[in-house]
1. Return a yes/no flag: does the stretch B:140-162 have any residue that is acidic (Asp, Glu) and buried (at least 18 other Cβ atoms within 10 Å of the Cβ).
2. Please state which one of A:SER195, A:SER255 is buried (at least 19 other Cβ atoms within 10 Å of the Cβ) and either modelled with pLDDT of 85 or more or part of a helix (DSSP H, G or I) (or both).
3. Here are B:GLU395, B:GLU428: which of them is within 30 Å of B:HIS238 (Cα to Cα), within 14 Å of chain A (Cβ to nearest Cβ) and either out of contact with any helix residue (DSSP H, G or I) (no Cβ under 8 Å at 6 or more places or on another chain) or at pLDDT below 90 (or both)?
4. Could you please find all residues in the stretch A:367-381 being crowded, with 18+ Cβ neighbours inside 10 Å and within 13 Å of chain B (Cβ to nearest Cβ)?
5. Could you tell me whether the stretch B:371-379 includes any residue that is in contact with an Asp or Glu (Cβ under 7 Å, 6 or more places away or on another chain), within 14 Å of chain A (Cβ to nearest Cβ) and in a helix (DSSP H, G or I)?
6. Being farther than 16 Å from A:ALA398 by Cβ, facing another protein chain (nearest Cβ under 9 Å) and surrounded by 18 or more Cβ atoms within 10 Å (Cβ to Cβ) is the filter here; which residues of the stretch B:249-262 pass it?
7. Name every residue in the stretch A:346-382 that is modelled with pLDDT under 85 and on the phi < 0 side of the Ramachandran plot, in order of residue number.
8. If you scan the stretch B:222-244, which residues turn out to be facing another protein chain (nearest Cβ under 7 Å) and without any contact (Cβ under 8 Å) to a residue 60 or more places away in the chain?
Amino acid sequence: MSGHTVPADFSEHMLDLDEDEDLEVFTKNTSLPDGSPMPNSPSSMVNQYRLEDDDEGQEAVNTKDIFVTVDHPESQVTAIETFVLYRVVTRTTRSDFDSSEYEVRRRYQDFVWLRSKLEEKHPTLIVHPLPEKFVMKGMVERFNDDFIETRRRALHRFLNKISEHPILSYSQHFQVFLTAQDLAPHRKQGPGFLSRVGETVRAVANSVRGLKSRPEEFAVMQEYVDDFSNKMCCMDKVTQRIVKEQRVSPVSVLSLISCVEYVDELKQYSPTYARWGELEEELTEPLKGMASCVVQCSKEAEEHIQHLSEVLVPALHEYVLCAETLKAVMRRRDNIQAEFEAKNEALLTRKVEQEALQEEVDVLADRMEQANNSLKGDWLRWQRSMKTDLRSAFISAAEKNVEYYEKCLAVWESFLVSQRADSSGGQEDVA
Amino acid sequence: MADDGREESLGTDDDSDQTGADGSLNNTMVEEGSTLMRRMEICVAEAEKRSGKNAVSMQETYTVYLIETRPMDAVAEGRNPAPDCLWRRYSEFELLRNYLIVTYPYIVVPPLPEKRAEFVWHKLSADNMDPDFVERRRVGLENFLLRVASHPVLSNDKILYYFLTEEHGWKEAVYETGFQAKADSRLRALSATFRVRNPDKCFMEMKHYSDELQSHTSQLLRARARVADRLYGVYKVHGNYGRVFSEWSAIEKEMGDGLQSAGHHMDAYAASIDDILEEEEHYADQLKEYLFYAEALRAVCRKHELTQFELEMASQDLISKKQQREELATGIVRTFSLKGMTNKLFGQEAPEQREARLKLLEDLIAEGEETVKEKTIERAEHVEKAWVDIQRFKEQKDKDLREALINYAVMQISMCKKGIQVWSNAKECFLKM
């Protein structure tokens, strides 16, 4: 048997990394992924965009005034580390951009910085997740040789999701990310680490105090988020064990694994026909025909596997990560409400410092209202976007399945025709 | 598989009950497809569980199979008489076959379906009492009977006829043929190693072929079982999708309906593999038949080796006896013998003794010559008859296996069509989402 079965315990296959480091990867292939030249004209940009995210509606294309692509991953080796730099190209007609075209190089850490800034500024907006830091080496290598390519695609989607967001795409940090040749000076500014600590402390404090009550619509939302997260990640105990904390969508991975194991066996199966064919005389031709059919079908299955690992698995994976994002957003909204409630209670119970407290309470009240409205608005947007993305991924998977079966059908039908042509007096029923 | 329709040539000429040397009924008007013989429609209609005490008085459960027979001409004339029937268990089929292979060592005797389930993949039961296994065995036993009853030589056998028609007393009749003794000696001979000087080249090639055929078919069957196992996994995993979609649809408003119906299609897809693989087991059974046929072919080749060996031994023996006679007559010792040595040491024997010994030798030589004649005929007959049957077997094998491969392709096509159907439906559901 091949050595490609996926072990149940993956811990030894995980690459262990520090929080802030990029994933260390070994890649020889650093050229443009699909081998095609970068488009230059706006219309071909539109086509490029369509190819990558063809689930977006016509509406988005017509009003889009900013186009971002991520490509050209290149390994960088320094004395202390190795990492990958991605080229980020922006084309825009927006007036708040000085130029209409930008080209910068960014590493994974830079994307992480951008995302954390966006979340900081807009705690209750749903910021699309980034591809994960950790990689299950065994699985990725088996299904999709080019980890870099997978990550590049995910980073590309990330930036596109941001650029399509009505609020986030106008973020200062986003603009800096897209335009600054050197991001380092910008990254040093801002609260950064300390603010993260502060948020955690507040969150803990608030959870201790407890939330008075969640407004109805957010209670409904929370329930949905919990259920959604469950559906995306849920599985029986067996697969829980298999995927552990990997947060990959177990369903799609299982189907991928089972396909791979099937193809492995097919590869052992076809030679048994070929070898037997060599022994026989009259039967040589049909037996060799059989061997050839099995080989062809296994090739089709491999193509199917490739497609699954490039389209469905990443799409579901992204929404598993989204589920986590949603939970975080809900938590942050809860915290904002809790902070307001705490201060408000203080205002009601304390008799001193009424004026100062009132001011603080007003600020927190505004903040809470803004947070709630942001989330409400973004929620609908997110749901629509999720539906479009997953629908498109499922349709694509279904189409690929149909294609796979159609190709296999053709293989067997042509075998049948050749056999019946040989034997005298063809048999009747084609099932 | 055996010819479609259930026409077999079988049986007895009404007024002749002569039995030939090998137990077959003599019918001077026997011809291929000749209609002087009564034809019989045969089938193994049912299987039933029985309980009873076995030979060592222990309670056991076993399966019996119902054999139904009807005269072919009655059927042809449109009459529909009730079939004659009797029950037989697997061990009785085995007994019949053992009788046949001993009685007709120049025939590639059709094999029985496997005694125990082999090449099992994980969902397939290895239990002999499993209903699917019993059903496949029923089909296999029927196939066996049809093959035997349509064989130009075997179909004339009286014991076969009684097997089909006499429920009681059949076993005794088999043992009365004295085949058991032959069976024992055959077993000894076939498992012995002996060096044959001049085996027929064609038979040796055929023996080699039978070994290869066994090897290749068993490899193929093993690989197929593993593929079936994995394919089962692929389909069943989609049951997970079915479950996730249906649960997920409960929490979605717009997507709910689409997800729910897609989920149903996924469940249907997952369930469809059971029938698909059940059908494929029949294909596996067709291959298994030829796996076992290979053994039968090998046995015929070994029998040739045996007859050749016996002839060589007999010839060798005759030669050495003639040499002894010569030595005794001329007094010239060419070969070493203890008698010769003792004669030299202790003096020669008296002339009367010498005469006696010479006479004995002459008798032995005469016997030996008869033996050599017999063995020569035996060998030649076996070669001739076996070669005829081997050719028949080859043709049958090529035809049957080609058909089996075609059937497999048909099954694959059906499976693909179902897959296209299900996934097109699923796609429609997703489009409606």
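The values are calculated or read from the model by the stated rules, or taken from the named source; none is laboratory data. Model, not experiment: these values are computed from the prediction. For neighbour counting, all protein chains shown are included, and Cβ atoms are generated from backbone atoms with ideal geometry for every residue, glycine included.
1. Yes, there is a match, as at least one residue in the stretch B:140-162 is acidic (Asp, Glu) and buried (at least 18 other Cβ atoms within 10 Å of the Cβ).
2. Of the residues listed, the single one that is buried (at least 19 other Cβ atoms within 10 Å of the Cβ) and either modelled with pLDDT of 85 or more or part of a helix (DSSP H, G or I) (or both) is A:SER255.
3. Details: B:GLU395 fails: within 30 Å of B:HIS238 (Cα to Cα).
Residue meeting the stated conditions: B:GLU428.
4. Within the stretch A:367-381, the first condition is being crowded, with 18+ Cβ neighbours inside 10 Å, and the residues that meet it are A:368, A:371, A:374-375, A:378-379.
A:TRP379, the sole residue that qualifies.
5. Within the stretch B:371-379, none of the residues are in contact with an Asp or Glu (Cβ under 7 Å, 6 or more places away or on another chain), within 14 Å of chain A (Cβ to nearest Cβ) and in a helix (DSSP H, G or I).
6. The answer is B:GLU252, and nothing else.
7. Residues satisfying the conditions are A:ALA346, A:LEU347, A:LEU348, A:THR349, A:ARG350, A:LYS351, A:VAL352, A:GLN354, A:GLU355, A:ALA356, A:LEU357.
8. B:ALA223, B:VAL227, B:ARG230, B:LEU231, B:GLY233, B:VAL234, B:VAL237, B:HIS238, B:ASN240, B:TYR241, B:VAL244
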